[in-house]
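Everything below concerns the one structure shown next.
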Amino acid sequence: MDDKAKVDDKAKVDDKAKVDDKTPLNPIPQPVVSTKQTHVVKDGEDLYSVAIRYGVSPSDLKAQNKLESSDLRPGQTLVIPGGPQ
């Protein structure tokens, strides 16, 4: 008995095999929805205390929020640098 395949042997293909039309062959990855990490300034907080709370430098916090001075107002919303953008 010869266990070797012959050159003219052909693999059989199931003609009934079909691809499900509802399943995409190369699904497109969906973008990740991210939310910005923000902080709402409370009465008595300053730039330094907010920066320390989030582990960032006051200068980075100031730059991220395009602040011209270090003065903050209660109710002001700050975007925290380095967090989800």
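Tabulated data
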quantity	calculated
Of all residues in the stretch 46-60 being of a type in the set (A, V, I, L, M, F, W, C) and in a helix (DSSP H, G or I), the one that is farthest from Asp71 (Cα to Cα)	Ile52
Matching residues, the stretch 48-76, being within 11 Å of Gln37 (Cβ to Cβ) and either of a type in the set (Ser, Thr, Tyr) or in contact with a Leu (Cβ under 7 Å, 6 or more places away or on another chain) (or both)	Tyr54
Enumeration of residues in the stretch 20-66 that are surrounded by 10 or more Cβ atoms within 10 Å (Cβ to Cβ), polar (S, T, N, Q) and at pLDDT below 95	Gln37
Pairs with Cβ under 7 Å, 6+ apart, first in the stretch 37-60 and of a type in the set (Val, Ile, Thr), second in a loop (DSSP other than H, G, I, E, B) and loosely packed, with under 14 Cβ neighbours inside 10 Å	Val40/Gly75; Val41/Arg73; Val41/Pro74; Val41/Gly75; Val56/Gly82
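The values are calculated or read from the model by the stated rules, or taken from the named source; none is laboratory data. Computed from a predicted model, the values in this text were never measured in an experiment. Positions of Cβ are generated from backbone atoms using ideal geometry, with glycine treated the same way; all protein chains shown enter the neighbour counts.
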